[in-house]
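The values are calculated or read from the model by the stated rules, or taken from the named source; none is laboratory data. Given the structure is predicted, the values throughout are model-derived calculations rather than measurements. Cβ placement follows ideal geometry from the backbone for every residue including glycine, while neighbour counts extend to all protein chains displayed.
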Amino acid sequence: MTALSVSILLYIAGALASLALNKAENTAIKLSGILGALGGVAGLFASVPTLLNGTTVVKQIYSPFYFADFMIRLDPLAAFMVMVISVLVVAASIYSISYMEEYKGKGAWAMGFFMNTFIASMVALVVSDNAFYFIVFFEMMSLASYFLVIAEQDKKAVDAGLQYFLIAHAGSVLILIAFYMMYRATGSMNFASFETLRDTAHALPVWESSVIFLLAFFGFGAKAGMIALHGWLPKAHPAAPSNGSALMSGVMVKIGVFGIIKVGIVFLGAQVLWWGFVVLAFGCVSSVLGVLYALAEHDIKRLLAYHTVENVGIILMGVGVGMIGMTTGHPVIAALGLLGGLYHLLNHAVFKGLLFLGAGSIIFRTHTKDMEKMGGLAKVMPYTALAFLIGTMAISALPPLNGFVSEWFIYQSLLSLSHGSSMAVQVGGPVAIIMLAITGALACMCFVKVFGVSFCGAPRTENAANAKEVPAPMVMGAWILAILCVVLGLGSPWIAPVISSVATSVISMDTVNVVQGAALIPADGTRAILSTPIIIIALSALILVPVLLVSVFRGPALKRRTKRDLPWACGYGYEGRMTVSAGGFTQALRSMFAPLYTLRKILDPAPAMNAVLTATTNAARKTEPVFDDYIIMPVSRLIIRLADKIKVMQHGDFRIYCLYMVIALLVLLFVPVEFGGM
Amino acid sequence: MQGLEMPTASMVTLAIVQALLMLALAPLATGFSRVIRAKMHSRRGPGVLQDYRDIFKLLRRQEISPINSGTIFTVTPYILIVTMLLVGMALPAVTNESPFPIAGDIITDIYLFAIFRFFFSLSGLDSGSMFAGIGASRELTLGVLVEPILMLSIVIMALIAGTTDLGFISKHMATETWSAPMATLMAGAACAFAVFIEMGKLPFDSAEAEQELQEGPVTEYAGAGLALMKIGLGLKQLVVAQLFLALFIPFGKAADFTLPHVLMGFVVLFIKLFIVFLIAGLVENSVARTRFLKTHHLTWSGFGVAVLGFAFYLTGL
Amino acid sequence: MESIALFTLVVPFIGALLAVLVPKQCKWTAQLFSLLATLGTLALAYSFFSAGAQSTHFNLLSVGQIELFGFTVDKVSTLIAVAVVSLGFLVSFYSLGYMSPANREHAQTGDPRYYAFLLVFIGAMAGMVLSSTVLGQLLFFEITGACSWSLIGYYQKESSFKAGLKALIVTHIASLGLFVAAAFLFKATGTFSIEALAQLDDTTKTIVLCGVLMAAWGKSAQLPMHVWLPDAMNAPTPVSAYLHAASMVKVGVYIFARALMSAGNVPEIVGMVGVAGAIITMIYGFIMYLPQKDMKRLLAYSTIAQLAYMFLALSIGALGSRLALDSGVTYLFNHAFAKSLFFLVAGSLSYTAGTRMLPQLQGIVKGSPLLAVGFCVAALAITGVPPFNIFFSKFSLMQAGFAMSDQYPWLTPVLVIALIESVASFGWIMYWFGKTVLGEPSEPVATAQPLPASMKFVLVVLIIMSLFSSAIAAGWLA
């Protein structure tokens, strides 16, 4: 617990240092980055022991508000989230030490402040055990990231920020209503009391718990950026500085998933079957549509943002299976699904962070986000290119990297749904598998395009040709994550059990066995096996075969001739513009899937909402003077007319006034005497 | 069903042997296809060993890389061969069970094919050639269209057998009575269709359409690189055909690891592959290439067959 | 304690007199006497807490058994007294800088009548808050109405006169409710003391409380007696900030809160009527945001909506929730600071850029960072975003409401509507924040002149209070 406090204090120190040093921007940038990284390391020290030994620590801190206790709870799920946050924070903070130079003179000191506040509020959020403080930190997280999104201050960034903050705030209001309903049922705002709703003895009626679940699902889903509530993601994540985008895509959207797990599983115990299906369905649709829309982009950061929608969908698929498993009473399916979801949560944070940092490096040097203006960067930025390649291979789920391992677990969990009882469950599994398979193939295509168009081939513009490798901290930040991608993939036999123990603690069951020696198994031993270390050893050994083949049969061939010959262009003079562009690469696929693309135009609520707003404004403008025109003015005119009538009594002759006084006196004397009688 | 474990030394030896054998036989398979094409075109053809002659000639030539290409271009041929060899090691080609189950999980195999596709297309982009670029785009698009069919048909088999391990599915199909024959047949038809596309045969050879695209991503390769690419593509055809055979026509393989049974298994394998390539050759030379932008009509029909198979499985047929 | 309270009440009136008699030094007289009054309320609070925080009652003037005027010193009155009087001082200090010829929009120095009426107003507020009788409340109610009339018409233009008269008449009609309440209370119990409310039977209690509610609605600009507040924006901005955001409009809320606190068991109908009125006003207030282009009118409607929240809180408290009553009082406290900040930012924009029309303002962050921070903090505070103050009151209000909704299921849709309104006004205000504060400076902002030190000081104090006032209030009332 002390390491956790140290970590949060370091983030706050970084924020305040950045604020205080606003005139000395160089120092502010470096200090904010270093303190952030140290905070991340402290966070790792805080979370890893809890993950490894599975204990829960609960503590109460002084709260100035008597209606809410400040409870802190570090259980395996919270520790897992803290670990994910800390890992990415270390990489992003080290990266920011050089990257923020881009924003010098444009408020880099303010960004350091908001970045560190953002991170601190996220860490505080996941360990809060009281609904009030949860919401406070949730809103502060949205507030801090809002300022990161509007960093550029141009019209697009401001619009993106407004849409983002509005949807986040509306989402938090939905969550708030869900929390209030649970408070009304249990009498306390503490999460510990919400958890009593899980026992069937204290369970709420189905309609009420379903309302709570749906409110929380859509509220947290808006934060997670799942489909239908994802509109803000492709606008907001590109607008923020790249280390901010990495944190937002890598960690902040996971807070949404964390919330869904907390409310759906930990508080309400996944008691109703269709909840799990809703989560699974939204997950499937998010993943396919997310990657499909990503394919249509040629702004690299917008593309990565859509991929976040896709991967959140995949995580939600795992969580959905977990919930279905819990409801149907198959704890092994539940554990497997949740394991896949949580593992993918971690993996996505790592490889998406890596991709955003890589994109940031490209933008740092080429000053453009448009992929069609890049090209040939692998030769001038080799380290960044190799790290980015590892990232693209990880996100395309190529074995033996980490993306593949978590998707393997999700596949196995979806297959295990066939043991389920009802027809819906049996159909649901393979449908989801197909959608996951399509997603994988589309992601593969998209990232070949990204890497190929940006890093391979010839440079398309001057800026791309003159780019150089980025400064060491940026390379280091990206490589930390690249190495982690490899480690999380190859080391999966040692990492999966830890995550599995987190999953089983969430579901409140005994541990399941997912490892056999140096291989992964889907928890009941007979059905499948995967060993990433062995695969990589086999692949490395097999490389000898073609190498031997070539060297033995090579003969007296000359050395490879490079750097001289242009590609064949059917006899015409070859020009750089002849190569396939980002848009052209995906054009065939986009025409084949055209209905899904027009879907988003049809379902866009913005024009309807604009129309309603304009109509209401006009109505309000007409209504405003109504009170004046129809109530006050007529009354005042009436009074003036009455006064005019009475005016005749004012002759100006003082003798008439004396007469008035006499009459009044007489009346006042006679009336009480005649009618008083007392 | 016994559990899956790390393979023994003899199993690993068998796996390596079968993989190397496939490597050695890949040019034979592609040569055989060339001969069938020639015969159907009323020509004599170059003989089944022509591809060996081509490959050895190419290995002795100088390699050339286009001016803007990078490491990806150079490294891709090796990666293609390595991934296909790994799948080859895991296939239950001659034995009922997979000799290398670590890589024998269906999901792993499909994603190893994804590595193949990833690097094949990326090298196309890296070469800077426009033909290679369009070929890469088509290769990936076809991959997207084929993936659901392949995945669904394999999932039906995995559900029937209760496991995703290739060897166990194969053994289940070979030794047990078929619990859902209609479903298996439909899945088989769909899988055959998907495998046909993956083999890159007409009408679906859009990626290396020789007349249109100068062999697509393979355009700019020369010398040893081109030789390895040819071997790699041939090896993929072999491996993918064997995947289909292992799942749907697994009869006649060795039930245990004794030498005579394994040799018998090899013979049976040869015969099965001969028939498969014969049929594939006959089909491919009877049709023309599809218009690429209309390919998805065909693939969605194939997917429809797979869905029908799944419906049959659900109803217990 | 009694003498401190009396001191706090009397000092501003003396100051007002001095301001008129010694016109040359009226500015400095105002600062001195408002500061003395503030210190007085702080001293009162200190002595209250050190005497054990017990509610105390002092009789000032009575005729036989009938209590006419008195003081009530308890947690709520000390808290609100500190708020309204200290804000009076801050506004006077701000006026030092604002009421000067350098003001780009309204260039003129502050006349003695300005400072005199301001001081009278401060005194009247102190008296109102500390008063223990309905009669006392009524007296100060009318005094504040008169000050408001004068100050709204300060610029002596045609529109200012009309607005001042409208305000006076509407609030005076509203005060009829308080007259009725006082009459019924006296007839039933023979005294004007508010504590006597608890002794009434249900029907009389309902009539008295409804009378108080009517007066409250009029003074606090709730539908349908809200018409005077938007036009009251003709007043100089420090006056708008003080009277029409921080204190006078809070009078209504305060008298209703006082009545509820002293009334013991409140009949359900009062709560229901209060809730209904509050929610209708809230919705109307929000819809009226949409056509506004003048920042002060937008803030006026925002005040109307925020006051509706306070009435909602108090009405839920009337149904029986102590948390709701507390949240209403803390909301009052928090809103005073946040809304004053917003109005004074608007005033600063008038001063420096010469306009307060929202479409003409852009890029404030580059023109004047302090004003940008002030605008941002005020916007976030008003819309209820933590860690700023109003969120904490809103949260506890909703919490209390949901707890009550077990007994009164019709409360749930009301609370949901209130939350929707909260999100909608958040969206609207942040939209204007994005348009006015960010981006490239427009012409009025680019040619802005620097802010005087007194205005800067007040803005900084208010920004700090917008962060911490919720903790202060929560601790005070606990």
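Out of the residues in segment A:454-467 that are surrounded by 24 or more Cβ atoms within 10 Å (Cβ to Cβ) and at the interface with chain B (Cβ under 7 Å from one of its Cβ atoms), which is nearest to the chain's Cα centre (by Cα)?
A:Cys456
Taking helices (runs of 4 or more DSSP H) that do not extend beyond segment A:136-244, which have at least 2 residues that are touching a Lys or Arg at 6+ places or on another chain (Cβ under 7 Å) and within 14 Å of another protein chain (Cβ to nearest Cβ)?
Here the list reads A:155-186.
If only one of A:Leu589, A:Leu603, A:Leu599 is more than 7 Å from every other protein chain (Cβ to nearest Cβ), surrounded by 11 or more Cβ atoms within 10 Å (Cβ to Cβ) and at pLDDT 85 or above, which one is it?
None of the others qualify; the one that does is A:Leu599.
Where in segment A:317-404 are the helices (runs of 4 or more DSSP H), entirely inside, with at least 3 residues that are under 16 Å from A:Cys485 (Cβ atoms)?
Passing ranges, in order: A:331-366, A:382-395.
Quickly run through segment C:219-231 and pick out the residues that are of a type in the set (Val, Ile, Thr) and surrounded by fewer than 19 Cβ atoms within 10 Å (Cβ to Cβ).
Selection gives nothing.
Just the residues that are facing chain A (nearest Cβ under 9 Å) and of a type in the set (Ser, Thr, Tyr), please, taken from segment C:422-445.
Once the filter is applied, which keeps residues that are facing chain A (nearest Cβ under 9 Å) and of a type in the set (Ser, Thr, Tyr), segment C:422-445 yields C:Ser422, C:Tyr431.
Taking segment A:115-135, which residues are out of contact with any strand residue (DSSP E or B) (no Cβ under 8 Å at 6 or more places or on another chain) and more than 11 Å from every other protein chain (Cβ to nearest Cβ)?
Within segment A:115-135, A:Met115, A:Asn116, A:Phe118, A:Ile119, A:Ala120, A:Met122, A:Val123, A:Ala124, A:Leu125, A:Val126 meet the criteria.
Table: residues versus (1) more than 28 Å from A:Ser145 (Cα to Cα); (2) away from chain A (no Cβ under 12 Å); (3) touching a residue at least 40 places away in the same chain (Cβ under 8 Å); (4) buried (at least 24 other Cβ atoms within 10 Å of the Cβ).
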{"position": "C:Ser315", "(1), (2), (3), (4)": "yes, yes, yes, yes"}
{"position": "C:Asn334", "(1), (2), (3), (4)": "no, yes, yes, yes"}
{"position": "C:Gly347", "(1), (2), (3), (4)": "yes, yes, yes, yes"}
{"position": "C:Ser350", "(1), (2), (3), (4)": "yes, yes, yes, no"}
{"position": "C:Leu358", "(1), (2), (3), (4)": "no, yes, yes, no"}
{"position": "C:Cys376", "(1), (2), (3), (4)": "no, no, yes, no"}
{"position": "C:Phe388", "(1), (2), (3), (4)": "no, no, yes, yes"}
{"position": "C:Met398", "(1), (2), (3), (4)": "no, no, no, yes"}
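Exactly one condition in (1) within 12 Å of chain B (Cβ to nearest Cβ); (2) under 30 Å from A:Gly340 (Cβ atoms) is false for A:Asp565; which is it?
Single failed check for A:Asp565: (2).
Residue-wise test of (1) within 11 Å of another protein chain (Cβ to nearest Cβ); (2) surrounded by 22 or more Cβ atoms within 10 Å (Cβ to Cβ).
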| site | (1), (2) |
| --- | --- |
| B:Leu278 | no, no |
| B:Asn285 | no, no |
| B:Phe292 | yes, no |
| B:Thr295 | yes, yes |
| B:Leu314 | yes, no |
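Scanning segment C:402-414 for residues that are more than 8 Å from chain A (Cβ to nearest Cβ) and part of a helix (DSSP H, G or I), which turns out nearest to the chain's Cα centre (by Cα)?
C:Val414
Name, by its number, the condition in (1) at the interface with another protein chain (Cβ under 7 Å from one of its Cβ atoms); (2) of a type in the set (Asp, Glu); (3) touching a residue at least 40 places away in the same chain (Cβ under 8 Å) that does not hold for B:Glu147.
(3)
How about segment B:156-273: which helices (runs of 4 or more DSSP H) wholly inside it have at least 2 residues that are modelled with pLDDT of 90 or more?
Filter on segment B:156-273 gives B:181-198, B:223-248.
On the basis of being without any contact (Cβ under 8 Å) to a residue 12 or more places away in the chain, surrounded by 19 or more Cβ atoms within 10 Å (Cβ to Cβ) and facing chain A (nearest Cβ under 9 Å), does C:Leu419 make the cut?
No: the conditions fail for C:Leu419.
Out of all the residues in segment B:101-135, which are in a helix (DSSP H, G or I) and either at positive phi or more than 7 Å from chain A (Cβ to nearest Cβ) (or both)?
If the condition is that a residue be in a helix (DSSP H, G or I) and either at positive phi or more than 7 Å from chain A (Cβ to nearest Cβ) (or both), then B:Ile106, B:Asp109, B:Ile110, B:Phe113, B:Phe116, B:Phe119, B:Phe120, B:Ser123, B:Gly124, B:Phe131, B:Ala132, B:Gly135 are the ones that fit.
Within segment A:60-109, track down each residue that is in a helix (DSSP H, G or I) and surrounded by fewer than 20 Cβ atoms within 10 Å (Cβ to Cβ).
Selection gives A:Glu101, A:Glu102, A:Tyr103.
Quick one: how many residues across segment C:140-163 are surrounded by fewer than 19 Cβ atoms within 10 Å (Cβ to Cβ) and in contact with a Ser or Thr (Cβ under 8 Å, 6 or more places away or on another chain)?
Counting residues in segment C:140-163 that are surrounded by fewer than 19 Cβ atoms within 10 Å (Cβ to Cβ) and in contact with a Ser or Thr (Cβ under 8 Å, 6 or more places away or on another chain) gives 1.
Quick one: which of A:Phe218, A:Phe213 is out of contact with any Cys (no Cβ under 9 Å at 6 or more places or on another chain) and over 26 Å from A:Leu292 (Cβ atoms)?
A:Phe213
In the set C:Ser47, C:Ser77, C:Ser34, C:Ser92, which member is part of a helix (DSSP H, G or I), hydroxyl-bearing (Ser, Thr, Tyr) and surrounded by fewer than 17 Cβ atoms within 10 Å (Cβ to Cβ)?
Matching residue, one of C:Ser47, C:Ser77, C:Ser34, C:Ser92: C:Ser47.
Which residue out of A:Ala432, A:Ala441, A:Ala437 is buried (at least 21 other Cβ atoms within 10 Å of the Cβ), within 30 Å of B:Ala311 (Cα to Cα) and touching a Pro at 6+ places or on another chain (Cβ under 8 Å)?
Of the residues listed, the single one that is buried (at least 21 other Cβ atoms within 10 Å of the Cβ), within 30 Å of B:Ala311 (Cα to Cα) and touching a Pro at 6+ places or on another chain (Cβ under 8 Å) is A:Ala437.
How do the helices (runs of 4 or more DSSP H) wholly within segment C:186-264 filter down when requiring 1 or more residues that are closer than 17 Å to C:Leu130 by Cα and hydroxyl-bearing (Ser, Thr, Tyr): which remain?
C:248-262
For segment B:178-197, what are the residues that are surrounded by 20 or more Cβ atoms within 10 Å (Cβ to Cβ) and of a type in the set (Ser, Thr, Tyr)?
If the condition is that a residue be surrounded by 20 or more Cβ atoms within 10 Å (Cβ to Cβ) and of a type in the set (Ser, Thr, Tyr), then B:Thr184 is the only one that fits.
Test A:Met381 against the stated conditions and say whether it is within 23 Å of A:Gly440 (Cβ to Cβ) and crowded, with 23+ Cβ neighbours inside 10 Å.
Taking the combined requirement at face value, the residue does not satisfy it.
Would you mind stating whether C:Gly367 is surrounded by 18 or more Cβ atoms within 10 Å (Cβ to Cβ), within 14 Å of another protein chain (Cβ to nearest Cβ) and at pLDDT below 90?
Against the criterion (surrounded by 18 or more Cβ atoms within 10 Å (Cβ to Cβ), within 14 Å of another protein chain (Cβ to nearest Cβ) and at pLDDT below 90), C:Gly367 qualifies.
Just wondering, is there one or more residues in segment A:522-538 that are over 33 Å from the mean Cα position of the chain (by Cα), at pLDDT 80 or above and more than 8 Å from chain B (Cβ to nearest Cβ)?
Yes, that holds for at least one residue.
Filter segment C:461-478 for residues that are in a helix (DSSP H, G or I) and loosely packed, with under 14 Cβ neighbours inside 10 Å; which is nearest to the other protein chains (Cβ to nearest Cβ)?
C:Gly475
Mind telling me which of the residues C:Ala188, C:Ala216, C:Ala196 ends up being more than 19 Å from the chain's Cα centre (by Cα), away from chain A (no Cβ under 14 Å) and crowded, with 20+ Cβ neighbours inside 10 Å?
After ruling out the rest, the residue left standing is C:Ala196.
Condition test on B:Val287, is it part of a helix (DSSP H, G or I) and aliphatic (A, V, I, L, M)?
The answer is no for B:Val287.
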